[in-house]
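To keep things clear, I will list the structure first and then write my remarks on it.
The values are calculated or read from the model by the stated rules, or taken from the named source; none is laboratory data. Remember, predicted model here, so these are calculated numbers, not experimental data. No Cβ is skipped: glycine too gets one built from the backbone with ideal geometry, and neighbour counts run over all protein chains shown. Note: areas computed on protein heavy atoms with side chains; ligands, DNA, RNA excluded. Shrake-Rupley method; radii C 1.70, N 1.55, O 1.52, S 1.80 Å.
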Amino acid sequence: MKPQEIRRNPLDNVISLDAGSAVRATEFGRRAWKLARLSALGLPVPPGFALSFECVHGLSESGAMPDLAGIDAPGRLLALRSSPLERDWGGPATLRCIGVCEQSLPALAARIGPSASLDIYRRFIGEFAMTVHGLNPDDFAALDPVAASSSDAAALRGLIDRMLDFYREEVGEDFPQDQAVQLELAARAMAKSWDSTSAKILRAAKGAPMDAGMGLIVQEVVSGIGTGITGRGEIQFVDSKTGKPGIFGGFRMIDPEKPSRVTALPIVGGADGGTTFEHLCPDSVRELRRAASRASEGLSDVYCLVFAMRSGQVAVLDALPVERSARAAVQISVDLAKAGAISRNRAILQVDPRSLIEFLHPQIAADTPRDVFSTGLAASPGAASGKIVFTAEDAQTAAAQDEASILVRAETGPEDIRGMHSAHGVLTVRGGMTSHAAVIARGIGLPCVVGASDLRIDFAGRVLRTSDGRVFSEGAVITLDGTRGEVIAGAVKMVSQDLGGSFSELLDWADTVRDLGVRANADTPDDARTAREFRVDGIGLCRTEHMFFDRSRISVMREMILADAETERQAALDRLLPMQRADFSEIFEIMRGLPVTIRLLDPPLHEFLPTTPEEVVEFALAMGLPEAQITSRMSELAEINPMLGMRGVRLGVAMPSIYDMQARAIFEAAIEVNRGSRAPVVPEIMIPLVSANREVELVKRRVDAIAEDVQREQGVSLEYKLGVMVETPRAALRAGDLAATSAFLSFGTNDLTQMTYGLSRDDAGRFMRVYVNEGVFPEDPFRSLDVEGVGELMLIASQRGRAQNPGLMLSLCGEHGGDPSSIRFCKVASFDYVSCSPFRIPIARLAAAQATLLSRGTATRAAETK
């Protein structure tokens, strides 16, 4: 076989595999393209040639077979393999040993022996019949099972004669005894198989167009024919789980007397100390290592080499990208870049930002059995095991006793925050991706599964019941997988988080590239410390309401809310002021030198009030008031739809003393921290739930007045900014008005999505799966930003806002701030930064770098080099 003589026939569309770059994937398929590249890199690829998509399609429609004269040397057998544009699209199975026939048997027997040659002939008849005519090869072996497993030449000869008769009876013609005829029949059959209706439907399910083409590859067969060490194997030199160097794979050694008989060997030594391929062929392993290295350098990735051995000689049949875990993907990309095989930009681009979750949280080990008894929404990634507790207080008690717990609730509320901080994981029966439990859990890095609607909680009996009748009592150990949304019985093996090494190095590279800022949604000093450890650019959202739910403060907050007179309210606020100031001082100290955006009080006041009769009694005793007076005042404050009632800026307008206290606490804390500092904090005050610029003007006038008072009292000047959280469609549409009095607009996409769609972000999880499955929404709009609707509002706002104020800072601070596709949108929309929960900062840093590179066209150039 001399493929070098078959360069390119423009009519037949045939090209040799040693033609290098002339073998294009779009014309001959990815496998042919890759083999040509490997051959050009000097790897020992068996000689052969490729038939183009056009040629194969012609064969399907009874077109002429290309002239392949000169390839059929006596005893040289061929393999016919499919080569679609994408490997995942499938294709007919490889047919090997084309050319074995009565005429070629003597030459083949002279090389490998009579029995081995007859065994190959026997197997080929059955495989050819299956490929070309759809017959079952087992029917052929069943003619004489004893002879089929024998290595006796006479027995095999007798079986083959019966098989040839059976073939004639089933097909209606003699088995072809000419290599060219065998090759043409097989090629036509494969072409017709590819163009069949069922094959097209199966490919379409994998994303292939209905008219996708397939090429064919004809190569000399290597494995299965020869003396000495003969067989096929796979080898790779990195660990698929970690990406670290090593030797992995297996080899199927063929019995030279009976090619159908194989022995499986590991490439390197196992625990039993048995025979290995490396022991038998150490030189071949070294040759394959050199080949893998050249493949990595030439194809910019690490590969598992599919190889064959014939008489001790290595041949590379294919190179498949090494399968890899998220951790291995990062390690491999960094190692390739450091070795010069790819650029740092390419390394940044080829890692999925979402996969970094595996580094940030403990995960369940891949090989661990799972007894899953419920599933819900994967609200916060990571995994944790612990005993079931049903109240926040019990979670705190367990933490005090150094016991891991899983807090199980129908749904969580602000009163559960202390318990969530104490628990190792949170499971709720109700809720969606932006429910209270989901948002808080993501913020503090707590594994969380929400919306496990097939579970029932019996609080009286303190048990958890499953849909299949299982019962888990309080104290039973369960495991949450917040990455998959699974609830598992018992404890399982875990893999710990890993924030050093290649993970840290890749993010360092990303930071040198990205021009989109990444800030944190951080409500507490602990959140701020976590964010700082993740190399954040500042705090983009500090939700002050979470500071009031501490047991030492909630009573004072309730006194302020339930006060009948302004003097009583002010007295409570005066007690809250030093608490707020201390919180801000600690956060400013942690974030010294970086911007901190503080959102003024946002939620409806009912969230701070007692929710159970027991809490009402406790609060009445603490206040020294009758229970009736407390419940009466609570009734006066009740709202039909509190999430659309007196909350956000409406509190600041109707009850301005609350925002006055918060502004004073912010300014006093900033001055205290900045005194004598070379890295001052610039506080950014954000007004929530704005709909009209007049609201901003009213709040801004009071905030500016307080700033003047504090600066005069302290005898220092202070730089600060005031802006708006855009959460209502009207605010987005009137952004030009808002920009006249605001230094920044930050889009709170949780509420903006809720109000744009008219969806409850807490309840949408009940039907969201159905909507996504039915194609109503392409994705949960609370998980990934709806660029067509919500995104258009944001674009309108950004254009109108900057037309009024060219220096207006724009950002996104909702849950979408940690979603890679939403981050790409923000880059296209020319936003200044995104803000996300602390444990999503690394994901956002990498996604922001990728968005920057994509905007520069780097991805296109990188793709062209593949």
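Provide a single number: the residues in the range 75-112 that are closer than 26 Å to Ala154 by Cβ and in a loop (DSSP other than H, G, I, E, B).
So the count comes out to 8.
Which residues, counting only those in the range 280-295, are open to solvent by 20 Å² or more (accessible area, probe 1.4 Å) and either over 14 Å from Arg252 (Cα atoms) or outside any helix (DSSP H, G or I) (or both)?
Within the range 280-295, Pro282, Asp283, Arg286, Glu287, Arg289, Arg290, Ser293, Arg294 meet the criteria.
Between residues in the range 258-270 that are modelled with pLDDT under 85 and open to solvent by less than 40 Å² (accessible area, probe 1.4 Å) and residues that are assigned to a loop (DSSP other than H, G, I, E, B) and not polar (S, T, N, Q), which pairs lie under 9 Å by C-beta distance while being six or more apart or on different chains?
Going by the 9 Å Cβ cut-off, the qualifying pairs are Pro259/Gly224; Pro259/Ile225.
For the subset of the range 730-748 comprising residues that are among the polar types (S, T, N, Q) and modelled with pLDDT of 95 or more, which member is nearest to Glu792 (Cα to Cα)?
Ser746
Quickly run through the range 504-521 and pick out the residues that are out of contact with any Lys or Arg (no Cβ under 8 Å at 6 or more places or on another chain) and open to solvent by less than 10 Å² (accessible area, probe 1.4 Å).
If the condition is that a residue be out of contact with any Lys or Arg (no Cβ under 8 Å at 6 or more places or on another chain) and open to solvent by less than 10 Å² (accessible area, probe 1.4 Å), then Leu506, Ala520 are the ones that fit.
Which of the following residues is open to solvent by less than 30 Å² (accessible area, probe 1.4 Å), within 23 Å of Tyr833 (Cβ to Cβ) and either over 26 Å from the mean Cα position of the chain (by Cα) or among the β-branched types (Val, Ile, Thr) (or both): Val487, Val492, Val439?
Step by step, each of Val487, Val492, Val439 is checked, and only Val439 is open to solvent by less than 30 Å² (accessible area, probe 1.4 Å), within 23 Å of Tyr833 (Cβ to Cβ) and either over 26 Å from the mean Cα position of the chain (by Cα) or among the β-branched types (Val, Ile, Thr) (or both).
Take the residues in the range 3-13 that are out of contact with any helix residue (DSSP H, G or I) (no Cβ under 7 Å at 6 or more places or on another chain) and outside any loop (DSSP other than H, G, I, E, B), then tell me which one is modelled with the highest pLDDT.
Restricting to residues being out of contact with any helix residue (DSSP H, G or I) (no Cβ under 7 Å at 6 or more places or on another chain) and outside any loop (DSSP other than H, G, I, E, B), the top hit is Asn9.
Of all helices (runs of 4 or more DSSP H) completely enclosed by the range 716-825, which ones contain at least 3 residues that are touching a residue at least 12 places away in the same chain (Cβ under 8 Å) and in contact with an Asp or Glu (Cβ under 7 Å, 6 or more places away or on another chain)?
Of the helices (runs of 4 or more DSSP H) lying wholly inside the range 716-825, those with at least 3 residues that are touching a residue at least 12 places away in the same chain (Cβ under 8 Å) and in contact with an Asp or Glu (Cβ under 7 Å, 6 or more places away or on another chain) span 749-757.
Any chance you could count how many residues in the range 590-628 are over 47 Å from the mean Cα position of the chain (by Cα) and open to solvent by less than 50 Å² (accessible area, probe 1.4 Å)?
Number of matching residues: 1.
Suppose we keep only residues that are part of a helix (DSSP H, G or I) and of a type in the set (Asp, Glu) within the range 514-527. Which one would you say is farthest from Ala441 (Cα to Cα)?
The extreme case among them is Asp526.
Could you tell me which residue of the range 310-319 is farthest from Ile112 (Cα to Cα), considering only residues that are open to solvent by 40 Å² or more (accessible area, probe 1.4 Å) and outside any loop (DSSP other than H, G, I, E, B)?
Gln313
If a residue must be at pLDDT 90 or above and in a helix (DSSP H, G or I), how many such residues does the range 329-368 contain?
Summing the residues that are at pLDDT 90 or above and in a helix (DSSP H, G or I) in the range 329-368 gives 17.
State all residues of the range 450-463 that are closer than 18 Å to Glu474 by Cα and of a type in the set (A, V, I, L, M); if no residue qualifies, say none.
Those that are closer than 18 Å to Glu474 by Cα and of a type in the set (A, V, I, L, M): Ala452, Leu455, Ile457, Ala460, Val463.
When you look at Ile587, is it among the aliphatic types (A, V, I, L, M), open to solvent by less than 10 Å² (accessible area, probe 1.4 Å), in a strand (DSSP E or B) and modelled with pLDDT of 85 or more, yes or no?
no
If we keep just the residues of the range 234-256 that are outside any strand (DSSP E or B) and within 27 Å of the chain's Cα centre (by Cα), which is surrounded by the most Cβ atoms within 10 Å (Cβ to Cβ)?
Gly243
If a residue has to be basic (Lys, Arg), farther than 17 Å from Pro604 by Cβ and open to solvent by less than 10 Å² (accessible area, probe 1.4 Å) to count, how many in the range 629-677 make the cut?
0
Quick one: which of Ala383, Ala329, Ala341 is aliphatic (A, V, I, L, M), more than 24 Å from Gly857 (Cα to Cα) and either touching a residue at least 60 places away in the same chain (Cβ under 8 Å) or buried (at least 19 other Cβ atoms within 10 Å of the Cβ) (or both)?
Just one listed residue meets the conditions, Ala383.
When you scan the range 714-729, how many residues do you find that are modelled with pLDDT of 95 or more and either acidic (Asp, Glu) or loosely packed, with under 15 Cβ neighbours inside 10 Å (or both)?
Selection size over the range 714-729: 1.
Residue check: is Arg157 within 48 Å of the chain's Cα centre (by Cα) and modelled with pLDDT of 85 or more?
In short, no.
Out of the residues in the range 14-49 that are touching an Asp or Glu at 6+ places or on another chain (Cβ under 7 Å) and not in a helix (DSSP H, G or I), which is most open to solvent (accessible area, probe 1.4 Å)?
Residue satisfying both the conditions and the ranking: Pro47.
Across the range 47-85, what is the total count of residues that are within 25 Å of Ala295 (Cα to Cα) and either among the aromatic types (Phe, Trp, Tyr) or at pLDDT below 90 (or both)?
3
For the structure I just gave you, tell me whether Phe124 is touching a helix residue (DSSP H, G or I) at 6+ places or on another chain (Cβ under 8 Å), under 28 Å from Cys55 (Cβ atoms), open to solvent by less than 50 Å² (accessible area, probe 1.4 Å) and aromatic (Phe, Trp, Tyr).
no
Name the single residue, out of those in the range 87-110 being charged (D, E, K, R) and crowded, with 16+ Cβ neighbours inside 10 Å, that is nearest to the chain's Cα centre (by Cα).
Here the residue is Arg87.
In the range 76-106, which residues are closer than 23 Å to Ser149 by Cα and among the hydrophobic types (A, V, I, L, M, F, W, C)?
Leu77, Leu95, Cys97, Ile98, Val100, Cys101, Leu105
Would you confirm whether any residue within the range 744-751 is on the phi < 0 side of the Ramachandran plot and out of contact with any strand residue (DSSP E or B) (no Cβ under 7 Å at 6 or more places or on another chain)?
Yes; the residues of the range 744-751 include at least one that is on the phi < 0 side of the Ramachandran plot and out of contact with any strand residue (DSSP E or B) (no Cβ under 7 Å at 6 or more places or on another chain).
Name the residues in the range 389-432 that are open to solvent by less than 30 Å² (accessible area, probe 1.4 Å), touching a residue at least 24 places away in the same chain (Cβ under 8 Å) and either over 25 Å from Pro610 (Cα atoms) or small (Gly, Ala, Ser) (or both), would you?
Correct list: Ala392, Ala395, Ala398, Ala410, Gly413, Gly419, Ser422, Ala423, Gly425, Gly431, Gly432.
Residues of the range 459-513 being more than 24 Å from Thr397 (Cβ to Cβ), in contact (Cβ under 8 Å) with a residue 12 or more places away in the chain, of a type in the set (Gly, Ala, Ser) and outside any loop (DSSP other than H, G, I, E, B), which ones?
Result: Gly501, Ser502, Ala510.
Answer with yes or no whether Gly801 is at pLDDT 90 or above and open to solvent by 10 Å² or more (accessible area, probe 1.4 Å).
no
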